[in-house]
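The values are calculated or read from the model by the stated rules, or taken from the named source; none is laboratory data. Small disclaimer: the values here were computed from a predicted structure and weren't measured. Virtual Cβ from ideal backbone geometry, glycine too; neighbours counted across all protein chains shown. Note: areas computed on protein heavy atoms with side chains; ligands, DNA, RNA excluded. Shrake-Rupley method; radii C 1.70, N 1.55, O 1.52, S 1.80 Å.
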Amino acid sequence: MLDVSLPEVDPTTDARWDAYVRAHPHGSVYHLAAWAPILERAYAFRPRYLALERGGSLAGVLPLFRKKGLVSDARLRSIPVFSYGGPLADDAGLERELVEAARDLAAADGEIAGMTINTGERRIEPPDGFVVEEILPRWIVDVPEDLDALRATWRKTSNNLFRNLNKADKAGLALRLGTSRGDLRSFHRMYVATMKKHRSLPRSLRQLQLAAESLGEAFRLFLAGHAGHDVAGGAYHVWGDTIELLYNGSDDGALALRPNHALYWGVMEWARDHGLRRVDLGGAYADTPLAAFKQQWGATPRARFRLTYRAGGEATRTESLAAVGYGAGDSERGIVDLAWRWVPAPLLRLGAHLAYRYA
């Protein structure tokens with residue numbers, strides 16, 4: 001007899017949860033129980049974790065969070081903040097049962113207007129009420145044992161990359177692992193400045209601090225320094241044979257030293273030295289400058305998917321709000337550009353926190 005256990009599952013007190021995630025071939029760092037308290041404490045997202053149990057053992061898990069903003073609809077996500085999550089189960093039929101249980105949970109809630117279940121590189125057949133959507137691809141580099149030989153080939157295949165790496169070497173940049181709260185604060189300052197430049201809302205320092213405390217060696221912070229100052233950094237997850245870039249930032253005043261090149265190359269060397277086989281350089285749409293930057297390292301795109309559910313089949317208020325401004329004219333875009341340029345970093349951090357928690 002297979003029983004579905006609904007929202008009362010607490011993965012932080014049930015050791016079977018993480019054991020199941022670590023043993024599953026599609027398990028990821030984003031399925032770990034630690035994210036329940038991290039995202040609840042950082043953004044007040046409410047965990048609603050589902051599990052399938054058979055004979056005292058778990059047969060499937062689905063991490064879910066509920067969020068309702070002041071101006072947006074209530075919604076469920078697996079998982080928020082990241083485009084990863086989704087069901088893990090002993091077989092495809094049980095995965096489908098978990099997704100259907102999430103749909104039933106949304107219906108019983110009475111306020112849920114939509115749901116997003118990220119499934120990574122797996123394209124799961126959608127149950128009734130869901131549609132499959134392709135999302136931002138990730139760019140993956142396979143790490144060879146002989147990195148120096150690979151770098152030598154870039155003289156011909158990626159000469160610009162080859163020259164920039166040599167420039168970073170000559171600048172004397174040093175890469176180190178960040179281990180303290182001060183290191184996190186140093187990185188976060190550069191990250192916020194970089195996100196401001198790209199007109200994007202940064203994630204909170206609180207989230208990074210909680211992740212560093214809770215994920216152990218699955219969370220890594222790398223910092224590139226010059227003359228005693230941090231000039232670039234990246235926050236990463238390590239899982240299985242892969243190290244994955246989450247967030248990165250750099251000091252605009254030091255870009256001539258090529259600190260981001262030093263960071264990427266240093267992480268590839270670290271991955272090789274620690275027996276990892278892949279570096280995930282993050283997401284980017286094809287035919288963009290960001291994708292071209294990742295591609296010159298030898299990265300190839302991996303398609304990713306999500307299941308989307310809309311109660312009644314209608315666009316949610318959240319989606320409608322997100323669409324506002326896409327048809328703006330030049331004058332409106334100029335005002336937005338000016339606002340991003342002059343907003344102080346502390347105000348941007350506060351605004352981002354309020355937006356992620358209450359919007």
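Quick one: would you say residue 212 is touching a residue at least 12 places away in the same chain (Cβ under 8 Å), assigned to a helix (DSSP H, G or I) and either in contact with a Phe, Trp or Tyr (Cβ under 8 Å, 6 or more places away or on another chain) or surrounded by 20 or more Cβ atoms within 10 Å (Cβ to Cβ) (or both)?
Details: touching a residue at least 12 places away in the same chain (Cβ under 8 Å): yes; assigned to a helix (DSSP H, G or I): yes; either in contact with a Phe, Trp or Tyr (Cβ under 8 Å, 6 or more places away or on another chain) or surrounded by 20 or more Cβ atoms within 10 Å (Cβ to Cβ) (or both): yes.
Yes; evaluated as a whole, the condition is true for this residue.
Pull up the range 185-197, narrow it to residues that are among the hydrophobic types (A, V, I, L, M, F, W, C) and open to solvent by 10 Å² or more (accessible area, probe 1.4 Å), then point me to the one that is farthest from residue 358 (Cα to Cα).
To start, the set of residues in the range 185-197 that are among the hydrophobic types (A, V, I, L, M, F, W, C) comprises 187, 190, 192-193, 195.
Going one step further and asking which of them are open to solvent by 10 Å² or more (accessible area, probe 1.4 Å), we end up with 190, 193, 195.
Details: 190: 25, 193: 23, 195: 20 Å.
Among residues in the range 185-197 that are among the hydrophobic types (A, V, I, L, M, F, W, C) and open to solvent by 10 Å² or more (accessible area, probe 1.4 Å), the one farthest from residue 358 (Cα to Cα) is 190.
With the checklist (1) within 20 Å of the chain's Cα centre (by Cα); (2) assigned to a loop (DSSP other than H, G, I, E, B); (3) surrounded by 14 or more Cβ atoms within 10 Å (Cβ to Cβ) in hand, flag the one item residue 200 doesn't pass.
It fails just one condition, (3).
If you check every pair at least six apart or on different chains, which have Cβ atoms under 6 Å apart with a residue in the range 74-99 that is assigned to a helix (DSSP H, G or I) first and a residue that is surrounded by fewer than 19 Cβ atoms within 10 Å (Cβ to Cβ) and at pLDDT below 95 second?
So the pair list comes out as 96/127; 99/127.
Determine whether residue 113 is touching a strand residue (DSSP E or B) at 6+ places or on another chain (Cβ under 9 Å), without any contact (Cβ under 8 Å) to a residue 24 or more places away in the chain and either surrounded by fewer than 22 Cβ atoms within 10 Å (Cβ to Cβ) or part of a strand (DSSP E or B) (or both).
Values: touching a strand residue (DSSP E or B) at 6+ places or on another chain (Cβ under 9 Å): yes; without any contact (Cβ under 8 Å) to a residue 24 or more places away in the chain: no; either surrounded by fewer than 22 Cβ atoms within 10 Å (Cβ to Cβ) or part of a strand (DSSP E or B) (or both): yes.
Spelling it out, it is not the case that residue 113 is touching a strand residue (DSSP E or B) at 6+ places or on another chain (Cβ under 9 Å), without any contact (Cβ under 8 Å) to a residue 24 or more places away in the chain and either surrounded by fewer than 22 Cβ atoms within 10 Å (Cβ to Cβ) or part of a strand (DSSP E or B) (or both).
Checking the conditions here, which among 119, 157 is open to solvent by 10 Å² or more (accessible area, probe 1.4 Å) and β-branched (Val, Ile, Thr)?
Numbers: 119 fails: open to solvent by 10 Å² or more (accessible area, probe 1.4 Å).
So the residue among 119, 157 that is open to solvent by 10 Å² or more (accessible area, probe 1.4 Å) and β-branched (Val, Ile, Thr) is 157.
Is it the case, given these coordinates, that residue 261 is in contact with a Leu (Cβ under 7 Å, 6 or more places away or on another chain) and within 21 Å of residue 163 (Cα to Cα)?
Details: in contact with a Leu (Cβ under 7 Å, 6 or more places away or on another chain): yes; within 21 Å of residue 163 (Cα to Cα): yes.
Spelling it out, residue 261 is indeed in contact with a Leu (Cβ under 7 Å, 6 or more places away or on another chain) and within 21 Å of residue 163 (Cα to Cα).
I want to confirm something. Restricting to the range 215-233 and keeping residues that are open to solvent by less than 60 Å² (accessible area, probe 1.4 Å) and within 23 Å of residue 36 (Cβ to Cβ), which single residue is farthest from the chain's Cα centre (by Cα)?
So the residue we want is 216.
Looking at 127, 144, which is the one that is open to solvent by 20 Å² or more (accessible area, probe 1.4 Å), in contact with a helix residue (DSSP H, G or I) (Cβ under 9 Å, 6 or more places away or on another chain) and either farther than 30 Å from residue 222 by Cβ or not charged (D, E, K, R) (or both)? If you could, list the steps in order and put the result at the bottom.
Details: 127 fails: open to solvent by 20 Å² or more (accessible area, probe 1.4 Å).
Being open to solvent by 20 Å² or more (accessible area, probe 1.4 Å), in contact with a helix residue (DSSP H, G or I) (Cβ under 9 Å, 6 or more places away or on another chain) and either farther than 30 Å from residue 222 by Cβ or not charged (D, E, K, R) (or both) holds for just one of 127, 144, which is 144.
Are any of the residues in the range 314-336 surrounded by 12 or more Cβ atoms within 10 Å (Cβ to Cβ), at pLDDT 80 or above and not in a loop (DSSP other than H, G, I, E, B)?
In the first step, residues of the range 314-336 are kept if they are surrounded by 12 or more Cβ atoms within 10 Å (Cβ to Cβ); the result is 315-322, 328, 336.
Narrowing the set further to residues that are at pLDDT 80 or above leaves none.
No, that holds for no residue.
Would you please list the contacts, defined by Cβ atoms under 8 Å and residues six or more apart or on different chains, that run from a residue in the range 26-54 that is closer than 21 Å to residue 240 by Cβ and open to solvent by 10 Å² or more (accessible area, probe 1.4 Å) to a residue that is assigned to a strand (DSSP E or B) and at pLDDT below 95?
26/120; 28/120
Please state which one of 108, 152 is under 24 Å from residue 96 (Cβ atoms), without any contact (Cβ under 8 Å) to a residue 24 or more places away in the chain and not in a strand (DSSP E or B).
On the way: 152 fails: under 24 Å from residue 96 (Cβ atoms).
The conditions single out 108.
Return the total of residues in the range 262-307 being of a type in the set (S, T, N, Q) and over 11 Å from residue 141 (Cβ atoms).
So in the range 262-307, the residues of a type in the set (S, T, N, Q) come out as 288, 295-296, 300.
The next check asks that each one be over 11 Å from residue 141 (Cβ atoms); those that pass are 288.
Counting residues in the range 262-307 that are of a type in the set (S, T, N, Q) and over 11 Å from residue 141 (Cβ atoms) gives 1.
Pull up the range 247-261, narrow it to residues that are without any contact (Cβ under 8 Å) to a residue 40 or more places away in the chain and under 23 Å from residue 139 (Cβ atoms), then point me to the one that is surrounded by the fewest Cβ atoms within 10 Å (Cβ to Cβ).
Within the range 247-261, the match that is surrounded by the fewest Cβ atoms within 10 Å (Cβ to Cβ) is 255.
Does the range 68-85 contain any residue that is among the β-branched types (Val, Ile, Thr), surrounded by fewer than 17 Cβ atoms within 10 Å (Cβ to Cβ) and more than 22 Å from the chain's Cα centre (by Cα)?
Going residue by residue through the range 68-85, those that are among the β-branched types (Val, Ile, Thr) are 71, 79, 81.
With surrounded by fewer than 17 Cβ atoms within 10 Å (Cβ to Cβ) added as a condition, the list becomes 71.
This time we only want the ones that are more than 22 Å from the chain's Cα centre (by Cα), so: 71.
Yes; the residues of the range 68-85 include at least one that is among the β-branched types (Val, Ile, Thr), surrounded by fewer than 17 Cβ atoms within 10 Å (Cβ to Cβ) and more than 22 Å from the chain's Cα centre (by Cα).
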